[in-house]
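Working notes, beginning with the structure itself.
What follows draws every value from the coordinates through simple rules; no lab data is involved. Because the structure is a prediction, the values reported are computed rather than measured. Backbone-built Cβ (ideal geometry, glycine too); neighbour counts: all protein chains shown.
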Amino acid sequence: PPDVEELGRSTWTLLHSMAATYPEKANMEHQANMGGFLKFFAKLYPCWVCADDFQAWMAHPSGRNQPKLESRKEFGWWMCEAHNEVNRKLGKKEFDCRLWEERWRTGWKD
Ligand code: FAD
């Protein structure tokens, strides 16, 4: 099986990059495509325990963790929260989601 850490870093790069290039206001087709991608991604991610937990998190019965797909801002924030959920599970530091765009879209201001 692939190295779970290396796979994770590469995959978060892909996922946050998809959020960074998501439309500012997404039409129905974009929303449906991304919703479908995430659903299949969560089934097919080649770390099975990771995939199971991720699916369960997304499908929380309250509906609170469903992908927010109307705009780049909402989707980027949602992805950051998804990543923070995994960070918490692994005992890593949580990321300040207010810095999400700087990290993944516009570049750090320093
Ligand atoms: P990563 O967590 O890979 O993060 C990479 C970079 O993203 C960081 O350096 C930081 O700059 C930035 N970042 C960090 N947090 C955020 C955030 N919240 N929002 C935006 N940017 C952020 N590993 C397991 O061992 N068990 C699991 O169950 C597991 N589940 C996973 C589920 C998914 C869907 C994915 C994609 C990965 C999963 N992983 C899991 C892998 C794990 O999340 C890490 O990728 C891996 O441990 C390497 O961590 P890292 O410290 O190098 O940084």
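Among the residues of segment 25-48, which ones are free of Cβ contacts under 8 Å to residues at least 40 places away in the same chain, in a helix (DSSP H, G or I) and touching a Phe, Trp or Tyr at 6+ places or on another chain (Cβ under 8 Å)?
Listed by number, the residues that qualify are His30, Ala42.
So Tyr22 passes all but one of these: (1) surrounded by 15 or more Cβ atoms within 10 Å (Cβ to Cβ); (2) more than 10 Å from the ligand (Cβ to nearest atom); (3) assigned to a helix (DSSP H, G or I); (4) of a type in the set (Phe, Trp, Tyr). Which condition number does it fail?
Of everything listed in (1) surrounded by 15 or more Cβ atoms within 10 Å (Cβ to Cβ); (2) more than 10 Å from the ligand (Cβ to nearest atom); (3) assigned to a helix (DSSP H, G or I); (4) of a type in the set (Phe, Trp, Tyr), Tyr22 misses just condition (3).
Among the listed residues Ala82, Ala56, identify the single one that is within 15 Å of the ligand (Cβ to nearest atom), crowded, with 17+ Cβ neighbours inside 10 Å and aliphatic (A, V, I, L, M).
That would be Ala82, the only listed residue that is within 15 Å of the ligand (Cβ to nearest atom), crowded, with 17+ Cβ neighbours inside 10 Å and aliphatic (A, V, I, L, M).
Yes/no matrix, rows are residues, columns are (1) part of a loop (DSSP other than H, G, I, E, B); (2) more than 14 Å from Met18 (Cα to Cα):
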position: Cys50; (1), (2): no, yes
position: Ala56; (1), (2): no, yes
position: Lys73; (1), (2): no, no
position: Gly76; (1), (2): no, no
position: Cys80; (1), (2): no, no
position: Val86; (1), (2): no, yes
position: Lys93; (1), (2): yes, yes
position: Trp100; (1), (2): no, no
position: Arg105; (1), (2): no, no
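Test Glu101 against the stated conditions and say whether it is among the acidic types (Asp, Glu), more than 13 Å from the ligand (Cβ to nearest atom) and surrounded by 15 or more Cβ atoms within 10 Å (Cβ to Cβ).
Considered against the rule, which asks whether it is among the acidic types (Asp, Glu), more than 13 Å from the ligand (Cβ to nearest atom) and surrounded by 15 or more Cβ atoms within 10 Å (Cβ to Cβ), Glu101 comes out as no.
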